[in-house]
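Scroll down for the structure; my scribbles are underneath it.
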Amino acid sequence: MSDKYVFHAGEATVFAAEGQFTDAMPEILIGRTDGPVGQAFANMMAQTKGHTAMFAIRACNQLVRPATIIVPKVTLKDMANIDLFGGVVQGATADAVVDCLIEGVIPKDIANELCIISLVWIDPRCAKDPNFDKKDMYRTNYEATKLAIRRALNNEPSVDELIANRHKIKHDMDDWS
């Protein structure tokens, strides 16, 4: 395998439908199992209270390839949010990985030599929101995961794009400049 797949990082944000708290913001590492991403992947198998890591599976006995581990970016304090993480978010992530294989974004011939770490956001308000829409949570996580993987493997944004946009684009939460 070439050095091309040693370490790639990507992120994406897909916003929720109006009135939802289901924004998705995965941060992805993808790389070879025998490299630094593989080392980090193995280390993620240790559990941390409130940040339980789990494999992305499409259904029982259907672990995706490349093997993908999802880790929440926010502490999950109740079963309702844990269920969303291990249900909707896990399923959306798994489907996105498989569709990246189908579409050729991830080369099928090296899928078993790669692994993915995905840090995912779950807004703690989701589970208690009476208007919560699981379909929107699935949509945002699916679309954002596919985009983050594509960006990671294409090294996007490029250094030139970052430099060109340095004074044109501000952080979405920017209220300091």
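Scan (1) surrounded by 18 or more Cβ atoms within 10 Å (Cβ to Cβ); (2) aliphatic (A, V, I, L, M); (3) modelled with pLDDT of 95 or more; (4) out of contact with any Leu (no Cβ under 7 Å at 6 or more places or on another chain) for the single condition Leu76 breaks and write down its number.
Leu76 satisfies every listed condition except (3).
Would you call Gly91 in contact (Cβ under 8 Å) with a residue 60 or more places away in the chain, surrounded by 13 or more Cβ atoms within 10 Å (Cβ to Cβ) and assigned to a helix (DSSP H, G or I)?
No, not satisfied.
Going by the structure shown, is Ala12 out of contact with any strand residue (DSSP E or B) (no Cβ under 7 Å at 6 or more places or on another chain), at pLDDT 90 or above, under 12 Å from Val120 (Cα atoms) and surrounded by 19 or more Cβ atoms within 10 Å (Cβ to Cβ)?
It is true that Ala12 is out of contact with any strand residue (DSSP E or B) (no Cβ under 7 Å at 6 or more places or on another chain), at pLDDT 90 or above, under 12 Å from Val120 (Cα atoms) and surrounded by 19 or more Cβ atoms within 10 Å (Cβ to Cβ).
Is it the case that the range 117-131 has a residue that's assigned to a loop (DSSP other than H, G, I, E, B) and within 19 Å of Thr33 (Cα to Cα)?
No, the range 117-131 contains no residue that is assigned to a loop (DSSP other than H, G, I, E, B) and within 19 Å of Thr33 (Cα to Cα).
Taking Asp99, is it without any contact (Cβ under 8 Å) to a residue 24 or more places away in the chain, assigned to a helix (DSSP H, G or I) and more than 27 Å from Gly19 (Cβ to Cβ)?
So Asp99 does not fit the description; no.
Could you run through the range 110-124 and say how many residues are touching a strand residue (DSSP E or B) at 6+ places or on another chain (Cβ under 7 Å) and at pLDDT below 95? Working first, answer last.
Step one: list which residues in the range 110-124 are touching a strand residue (DSSP E or B) at 6+ places or on another chain (Cβ under 7 Å), which gives 113-122.
Filter once more, keeping what is at pLDDT below 95: 121-122.
Total meeting the criteria: 2.
Which of the following residues is in contact with an Asp or Glu (Cβ under 9 Å, 6 or more places away or on another chain), modelled with pLDDT under 95, small (Gly, Ala, Ser) and within 28 Å of Val74 (Cα to Cα): Ala127, Ala144, Ala148?
The conditions single out Ala127.
Check the range 48-67 and report whether any residue there is more than 22 Å from Asn141 (Cα to Cα) and exposed (fewer than 12 other Cβ atoms within 10 Å of the Cβ).
Taking every residue of the range 48-67 in turn, at least one turns out to be more than 22 Å from Asn141 (Cα to Cα) and exposed (fewer than 12 other Cβ atoms within 10 Å of the Cβ).
With the requirement that a residue be among the hydroxyl-bearing types (Ser, Thr, Tyr) and not in a helix (DSSP H, G or I), what does the range 135-177 give you?
Ser158, Ser177
Does Asp99 count as over 17 Å from Leu119 (Cβ atoms), in contact with a Lys or Arg (Cβ under 7 Å, 6 or more places away or on another chain) and surrounded by fewer than 18 Cβ atoms within 10 Å (Cβ to Cβ)? Walk me through it before giving the result.
Values: over 17 Å from Leu119 (Cβ atoms): yes; in contact with a Lys or Arg (Cβ under 7 Å, 6 or more places away or on another chain): yes; surrounded by fewer than 18 Cβ atoms within 10 Å (Cβ to Cβ): yes.
In short, yes.
Please verify whether Gly31 is farther than 28 Å from Arg125 by Cα and not in a strand (DSSP E or B), treating the condition exactly as stated.
Numbers: farther than 28 Å from Arg125 by Cα: yes; not in a strand (DSSP E or B): no.
For Gly31, the condition - farther than 28 Å from Arg125 by Cα and not in a strand (DSSP E or B) - is not met.
The values are calculated or read from the model by the stated rules, or taken from the named source; none is laboratory data. Just so you know, these numbers come straight off a predicted model, no measurement behind them. Note: ideal-geometry Cβ built from the backbone for every residue, glycine included; neighbour counts use all protein chains shown.
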